[in-house]
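Heads up: the structure comes next, in structure tokens.
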Amino acid sequence: MLRLAILISGRGSNLRSILQAIKTRRLVGVEARVVISNNAQAGGIAIAKKFNVATEILTPSGLGGWSFDKKLLSLLEKYTVLPSNGLICLAGYMRILSPKFVERYKMRIVNIHPSLLPSFPGLHAQKQALEYGVKVSGCTIHFVNEGVDSGTILLQQPVRVMDRDSEETLSKRILAQEHKLYPRAIKLIAEKRIEVKGRKAMLI
Ligand code: GRF
């Protein structure tokens, strides 16, 4: 069993797509152990509860970097989501993990980003894409390294940008693809079908 800890800060629609995939057995051999939010108001907390998944709120209260991540680590240990058996899924988690934490969970943390990386990392990726004028954007699942949105790419899904797109319409179409991509990526990891060599993740 691959044990998931899903980290959120907000709405939680990707969280929902993952939990739904587990519930409907599109994702097997995977167990959602805990949903952790750094924001007590996150909509995703109610979603986790609806799916009967344990929730934890870890408010920063002034702590940054490793001092905060140490607390995160204790929670992961409490739910036995360990580097040996677990996967941390960032799903709209708005904090940057400290290098020390990333090192502990090396290649055991994945993130979803609403652009085709390495284009448009960071915040407001859909707005960045529109302002740049690209004709195609999309979403990316990548392993998390010590940088921002810069780890090895696991899966990408392109989405066409329409002339009349607003940030809202483009985000909505990308999000629909995110919801398919995240469960697919977790499935590949659970089935041990990903081999990583340097910057390349290959399907085996
Ligand atoms: C998604 O667009 C995701 O790509 C980005 O943050 C957003 C989270 O949305 N990292 P949700 O909370 O999953 O609805």
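The values are calculated or read from the model by the stated rules, or taken from the named source; none is laboratory data. All values reported here derive from a predicted model rather than from experimental measurement. Don't worry about glycine lacking a Cβ; one is built from the backbone with ideal geometry, like all the others, and counts go over all protein chains shown. All accessible areas refer to the heavy atoms of the entire protein, side chains included, with ligands and DNA or RNA removed. Shrake-Rupley method; radii C 1.70, N 1.55, O 1.52, S 1.80 Å.
General observations
- Lysines with Cα under 24 Å of Lys50, excluding same-chain neighbours fewer than 8 positions away: Lys23, Lys78, Lys172, Lys180, Lys187
- Only helices enter this figure: runs of n ≥ 4 DSSP H residues, each worth -39500 (n - 2.57), summed and divided by the residues of the chain, yield -10500 deg cm²/dmol at 222 nm to the nearest 500.
- Proximal aspartates and glutamates to Lys49, defined as alpha-carbon separation beneath 17 angstrom and excluding residues fewer than eight positions away on the same chain: Glu31
- Share of Cα-Cα pairs in segment 1-106 lying beyond 19 Å, as whole percent: 39
- Amide H contacts of Val196 (H built 1.01 Å from N, in plane; Pro and chain starts excluded): Met202 sit under 5 Å, all sequence-distant by 5 or more or on other chains.
- Cross-link reach list, lysines versus Lys192, counting only Cα pairs under 18 Å and skipping chain neighbours closer than eight places: Lys106, Lys200
- Here Met94 and Phe51 are evaluated by their C-beta separation; at R0 = 30 Å the FRET efficiency comes out at 0.85.
- Scattering curve values for the chain, log₁₀ I(q)/I(0), Debye with Cα scatterers, q = 0.08, 0.18, 0.19 Å⁻¹: -0.25, -1.33, -1.47
- Candidate membrane-span-like segments in the chain, meaning DSSP H helices with Cα atoms spread over at least 30 Å of their own axis and a Kyte-Doolittle mean of -1.0 or above, are 167-190, with no membrane implied.
- Computed lengthening from Glu31 to Lys200, 0.36 nm per intervening residue step minus Cα-Cα distance: 58.2 nm
- Mean accessible surface per residue for the chain, computed with a 1.4 Å probe while every protein chain stays in place, in Å²: 51
- Simple spin-label estimate for Gln20 and Arg193 in nanometres, 7 Å along Cα-Cβ: 2.1
- Carbon/sulfur fraction of accessible area - the chain, other protein chains in place, 1.4 Å, %: 53
- With 0.36 nm allotted per residue and the present C-alpha distance subtracted, the Lys106-Ser119 stretch has 2.3 nm of extension available.
- For Ser74 and Arg11, the difference between the fully extended length at 0.36 nm per residue and the C-alpha to C-alpha distance is 20.2 nm.
- Our analysis of segment 94-199 gives Rg over Rh at 0.99, with the two radii drawn from alpha carbon positions and Rh computed by the Kirkwood formula.
- Relative contact order %, the chain, counting alpha carbon pairs below 8 Å whose residues are six or more apart: 19
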